[in-house]
Amino acid sequence: MARGAEKMTVDWRAVGRRIREIRGLDVSQMQFALELGVSQGQLSRYEKGRSEIGAEVLMRLSRLSGRTIEWLLTGRDKL
């Protein structure tokens, strides 16, 4: 492992909670799924932490929300 690198695992359920937070209460899963370019069923799996999220969808989520990909995956922004 590279110097300074640490092995990280992704808690997909926590990622799903952050996606749900981004979507907010006033936007339906269907509407948000359309914005992301995924099906409503796939968005549901993401929000429940049942499916890993690919790089393209992470980039779209980051752009839509103004949050970093690191925040989406870890809940923390780089310091």
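Numerical summary
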quantity: Per residue Cα convex hull volume in Å³ - calculated over the chain; calculated: 96
quantity: Length-normalised contact order for region 12-74 - Cα pairs under 8 Å, 6+ apart - percent; calculated: 41
quantity: Global geometry of region 19-65, whether rounded, prolate or oblate, following the gyration tensor of its Cα atoms and the 1.5 cut on a/c; calculated: rounded
quantity: Simple Cβ-charge dipole of the chain, Lys/Arg +1 and Asp/Glu -1, about Cα centre, in debye nearest 20; calculated: 180
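The numbers here are math on the coordinates, done by the rules we state, and not lab data. Just so it is clear, the structure is predicted and the values come from calculations on it, not from any experiment. All Cβ positions, glycine included, derive from the backbone under ideal geometry; neighbour counts span all protein chains shown.
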